[in-house]
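Participant: Attaching a single structure in structure tokens format; questions to follow.
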């Protein structure tokens, strides 16, 4: 960059001031592009307690669920989820960290994520210790995961999710499951149309999602199809796309700099 600026100022000594101004504008534009390239990244994972992986029986720091509606082996509702149900999940009790069942994927490529459920199979022993498997009780559950977007004017970004669920997310047609909510992934109460997954091996899913600057929520509908255990584990990365205005302003600034140079 320094060599290019010198060639400009040496070739046009009468325009040395304009040459320096042009170089400064280009450097500013490069700085703006670097800022865009370093866009906001949000990472969300299940089973975090005190910002570290939890153990069975502990409450998740951020994930909550829809209380009082955890039917084992069947759907939560025969109709589409209502705003009241999404609000109930967002303001409900904290999810519980659980131990994975032996048939489940023990974890994800994100080794910090942990299995969670609405309750763990734990009971107090006479000596005060806790007994039970620590695995999740059977039931279908709607989880809420809040996330904060700090980028001004943001309208969306790319979601990359790795997860496993017992038995899947959504009343998934692939499993011929009845129910009113085929989608297992929702953004601010809006269905994304995605459902699926299983408990034995992690599933990867990627799509563009809409959201705004400030507080937003992801909802995951964990669908239980059996009556033995249930649970979910996830790791989500969101790459926030800067507002279109940022790119437009960058282009205008570069054009102005070039025009002044001429």
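The values are calculated or read from the model by the stated rules, or taken from the named source; none is laboratory data. Quantities reported herein were computed from a predicted structural model and do not represent experimental measurements. Here Cβ is always computed from backbone atoms with ideal geometry, including for glycine, and neighbour counts include all displayed protein chains.
Participant: If residue 243 passes every condition in (1) modelled with pLDDT of 75 or more; (2) more than 28 Å from residue 86 (Cβ to Cβ) but one, which one does it miss?
Facilitator: (2)
Participant: Let me ask another. Working carefully through the options 65, 118, 75, find the one that is in contact with a strand residue (DSSP E or B) (Cβ under 8 Å, 6 or more places away or on another chain), surrounded by fewer than 21 Cβ atoms within 10 Å (Cβ to Cβ) and touching a residue at least 40 places away in the same chain (Cβ under 8 Å). Give the steps one after another, and end with the answer.
Facilitator: Values: 65 fails: surrounded by fewer than 21 Cβ atoms within 10 Å (Cβ to Cβ); 118 fails: surrounded by fewer than 21 Cβ atoms within 10 Å (Cβ to Cβ).
On inspection, the qualifying residue turns out to be 75.
Participant: Residue 31: part of a helix (DSSP H, G or I) and at pLDDT below 95, yes or no? Don't jump to the end; show me each part of the working.
Facilitator: Numbers: part of a helix (DSSP H, G or I): yes; at pLDDT below 95: yes.
For residue 31, the condition - part of a helix (DSSP H, G or I) and at pLDDT below 95 - is met.
Participant: Taking residue 195 and the conditions (1) under 15 Å from the mean Cα position of the chain (by Cα); (2) surrounded by 21 or more Cβ atoms within 10 Å (Cβ to Cβ); (3) within 20 Å of residue 108 (Cα to Cα), which numbered condition does it fall short on, given that it satisfies the others?
Facilitator: With respect to (1) under 15 Å from the mean Cα position of the chain (by Cα); (2) surrounded by 21 or more Cβ atoms within 10 Å (Cβ to Cβ); (3) within 20 Å of residue 108 (Cα to Cα), residue 195 is out only on (1).
Participant: Looking only at region 36-52, count every residue that is touching a strand residue (DSSP E or B) at 6+ places or on another chain (Cβ under 8 Å) and farther than 26 Å from residue 175 by Cβ and tell me the total. It would help to see each step written out before you state the result.
Facilitator: If we filter region 36-52 for residues that are touching a strand residue (DSSP E or B) at 6+ places or on another chain (Cβ under 8 Å), which is where we start, we get 39-51.
Still in the list and also farther than 26 Å from residue 175 by Cβ: 39-43, 48-51.
The qualifying residues number 9.
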